[in-house]
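The values are calculated or read from the model by the stated rules, or taken from the named source; none is laboratory data. Keep in mind that what you see is a predicted model, and the values were worked out from it rather than measured. Positions of Cβ are generated from backbone atoms using ideal geometry, with glycine treated the same way; all protein chains shown enter the neighbour counts. To get the accessible areas, we keep the full protein, side chains included, count just its heavy atoms, and leave off ligands, DNA and RNA. Shrake-Rupley method; radii C 1.70, N 1.55, O 1.52, S 1.80 Å.
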Amino acid sequence: MVDWVKSLSRVLYVDLSRKLFWTEEREDLFSKWLGGVGVAVQLYKEEVGKDADPLSPENAIILSIGPLTGVFPMASKVVAVFKSPLNGFIAESHAGGRAAAVMRFAGYGSIVIRGASDRPVYLVVDEERVRFRDAGALWGMKSSETVGKVLREALPAAGYRTIMRIGRAGERLVRYANVTVETYRHFGRMGLGAVFGSKKLKALVVIGRKGFRLPDVRAYREIYKEIYDLTKGAATRKYHDLGTAANVNPLNAIKALPTRNFSSGRFEGAENISGESLAEKHLSRRVACLACPVACIHLAAIREEYEDEKYFYKVENVPYDYEPIYSLGSNLGINDSYGLLKVIKAVEDEGLDSISTGVVLAWATEALEKGVISLKETIVELKWGDWRSYVEAIGYIVKQPNEFYRSLAMGVEYAASKYGGLDFALAYNNVEPAGYHTGPLFHASLVIGARHSHLDAGAYSMDEKLVSSGSTLPPPEEAAKLIIDEESWRQVLNSLVICLFARGVYSKQIVEKALRALGYTIDGAQLTELGRAIYLEKHAIKFLEGFDPEKVRIPKRVTETPTPLGHVTESYLKAIISYYSKLVKEYISKSRST
């Protein structure tokens, strides 16, 4: 294990303020915390003070991979840890593409980006050095896809290369701006794009050419084949066939598909924007992350006729999956598949998180409808289903032509607190929710999770199992334990780093075998203990930064609109939150005493 840890434990530090870089060997972290989120959380503790402003040079961007990266199927994610500009606490976001493998082949287990540049720059990182390049010509480009094309042409490279970049939303510090990786993957949640923008960092390019030696080739081949065969089976079939867009019809059938700002769980136009319909009408091809046999990235082709050329079209590819279908489709009342794809494309071009954007626009539409705001604020008349008005409004969120759109760029809770309509503003701790109105366990997981994603603990599936089995809700403490135990195990997968679409493949037994082939001697019980430790470390940081889960606002709309398990009650959610709060506080107290 020592040799393998050493091959992974090189950390690259980049200081944007001083235009300096250096590397350090951090075997101390990688031997104890595996990699990925486990290591990134510890680096965050070293780099970011509890009172640091998320958009100041004191914030840091920490990118980390794990021991399975570049070695096993679907070990394809990079974990980003940073302080979120949406809520001011430690945040986590994951992205696929080529980035993880490229970091591995460049010889870095983690990259830490400090400080802030005095002018727009992009970084070119390889095995030996970091080049600080002027990004003045790239700053202000509308499309993050265009930025990628320009950099690919400017930087031809042998070996593997990844390009992470922001659009105009990140430059304008929209608090839910994302970072695009390659062309169709993203660090989506929690506003990493705004942190890039605050540092005047337009893009990060990493080039990798190094190899590495496996400690036991025979053992590796045996477990590799076992894992590969599992990735071609039932555990991942859904992701290959229709992708997560397959969730639209089943969720609609049980009345759990958020519709028109969560005012209903059933959308009459769901079939038109379902995974089946999009595949039949628009699917052009599937794309896979590097080292992934599943190919879950679904691209839709849409064509438009040129204004001055009859029968001459331009064709654009648009990535889609369940979350943008919910947030920019059913949640905005859009049942036109072409219109939905145009809205998704507008979000892609500007570099915005699709979930937050859709929830913000849904609130604005209802606020306009109820007279809380007027056309003076929205400029464009927002109407359910009118995709053209939403495309225009997305541009205004980025351009921020008035105070209202400057407020929308801060997030829905901020805007509603300022203009009114807080009862129907969907956010937990200033973060807009993912699209599963399945029941109280999912909504509780959004309060007590760190990623503010459906992937924190997958609690929506816990709700769905209760629905399908006809079971009653568990007592709040039992529900809290289910959520926390699942999220704790996911910390292991997120430290390895495994795509969570492969969570059904990488059981404890499989993980043990994979690590053993690399020289690790850790067993299932130790992995469980490690996952719990990472979970508590991460949440303790959040508490020490000032997070108080018992003060988080429960959106009234969540309790008004029935789920498949009936109405969510605030008392049930608060009981789950209280158990979680007690657990983390006990950990903090114990840590201080030792």
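If you scan the range 115-147, which residues turn out to be more than 23 Å from the chain's Cα centre (by Cα) and under 29 Å from I344 (Cβ atoms)?
P120, A135, A137, L138, W139, G140, M141
For the range 353-379, which residues satisfy the criterion of being in a helix (DSSP H, G or I) and surrounded by fewer than 18 Cβ atoms within 10 Å (Cβ to Cβ)? It would help to see each step written out before you state the result.
Step one: of the range 353-379, the residues in a helix (DSSP H, G or I) are 354-369, 375-378.
Answer for the range 353-379, where residues must be in a helix (DSSP H, G or I) and surrounded by fewer than 18 Cβ atoms within 10 Å (Cβ to Cβ): E369, L375, K376.
Please give the number of the condition R303 fails out of (1) open to solvent by 30 Å² or more (accessible area, probe 1.4 Å); (2) part of a strand (DSSP E or B); (3) under 20 Å from A95 (Cα atoms).
If we test R303 against (1) open to solvent by 30 Å² or more (accessible area, probe 1.4 Å); (2) part of a strand (DSSP E or B); (3) under 20 Å from A95 (Cα atoms), just (3) comes out false.
Under the condition of being modelled with pLDDT under 95 and touching an Asp or Glu at 6+ places or on another chain (Cβ under 8 Å), which residue from the range 519-541 is most open to solvent (accessible area, probe 1.4 Å)?
Of everything passing the filter in the range 519-541, D523 is most open to solvent (accessible area, probe 1.4 Å).
I need the full set of residues from the range 272-308 which are farther than 18 Å from P324 by Cα, touching a Cys at 6+ places or on another chain (Cβ under 9 Å) and not aliphatic (A, V, I, L, M), in order please.
Answer for the range 272-308, where residues must be farther than 18 Å from P324 by Cα, touching a Cys at 6+ places or on another chain (Cβ under 9 Å) and not aliphatic (A, V, I, L, M): C289, C292.
Quick check: is even one residue across the range 380-392 hydroxyl-bearing (S, T, Y), out of contact with any helix residue (DSSP H, G or I) (no Cβ under 6 Å at 6 or more places or on another chain), open to solvent by 10 Å² or more (accessible area, probe 1.4 Å) and in a helix (DSSP H, G or I)? Don't jump to the end; show me each part of the working.
First, pick out the residues of the range 380-392 that are hydroxyl-bearing (S, T, Y): 389-390.
Still in the list and also out of contact with any helix residue (DSSP H, G or I) (no Cβ under 6 Å at 6 or more places or on another chain): 389.
Those still in the list that are open to solvent by 10 Å² or more (accessible area, probe 1.4 Å) too: none.
No, the range 380-392 has no match at all.
Conditions first: (1) of a type in the set (V, I, T); (2) in contact with a Lys or Arg (Cβ under 6 Å, 6 or more places away or on another chain); (3) in a helix (DSSP H, G or I). T162 passes all but one, so which condition is the exception?
(3)
Answer with yes or no whether S110 is buried (at least 24 other Cβ atoms within 10 Å of the Cβ) and closer than 24 Å to V205 by Cβ.
Criteria met by S110.
Just checking, which of V37, V14 is of a type outside the set (F, W, Y) and out of contact with any Phe, Trp or Tyr (no Cβ under 7 Å at 6 or more places or on another chain)?
On the way: V14 fails: out of contact with any Phe, Trp or Tyr (no Cβ under 7 Å at 6 or more places or on another chain).
Among V37, V14, only V37 is of a type outside the set (F, W, Y) and out of contact with any Phe, Trp or Tyr (no Cβ under 7 Å at 6 or more places or on another chain).
Select from the range 467-485 the residues that are assigned to a helix (DSSP H, G or I) and surrounded by fewer than 19 Cβ atoms within 10 Å (Cβ to Cβ) and write down the one among them that is nearest to the chain's Cα centre (by Cα). Full working, then the answer.
Pass one, the range 467-485, residues assigned to a helix (DSSP H, G or I): 467-469, 476-485.
If we keep only those that are surrounded by fewer than 19 Cβ atoms within 10 Å (Cβ to Cβ) as well, we get 467-469, 477-478, 481-482, 485.
On the way: V467: 27, S468: 28, S469: 30, E477: 28, E478: 27, K481: 24, L482: 22, D485: 21 Å.
My answer is D485.
Please list, ordered by residue number, the helices (runs of 4 or more DSSP H) wholly in the range 488-594 having 3 or more residues that are among the β-branched types (V, I, T).
Those helices (runs of 4 or more DSSP H) span 524-544, 570-593.
Here's a check for you: in the range 427-461, which residue that is open to solvent by 10 Å² or more (accessible area, probe 1.4 Å), more than 14 Å from the chain's Cα centre (by Cα) and in contact (Cβ under 8 Å) with a residue 24 or more places away in the chain is nearest to Y326 (Cα to Cα)?
Filtering the range 427-461 for residues that are open to solvent by 10 Å² or more (accessible area, probe 1.4 Å), more than 14 Å from the chain's Cα centre (by Cα) and in contact (Cβ under 8 Å) with a residue 24 or more places away in the chain, the one nearest to Y326 (Cα to Cα) comes out as Y460.
Condition (residue is more than 22 Å from the chain's Cα centre (by Cα), of a type in the set (A, V, I, L, M), in a helix (DSSP H, G or I) and under 24 Å from E348 (Cβ atoms)) applied to the range 411-426: is it met by at least one residue?
yes
Just need a number here: residues in the range 277-296 that are farther than 18 Å from Y160 by Cβ and among the hydrophobic types (A, V, I, L, M, F, W, C).
Residues meeting the conditions: 6.
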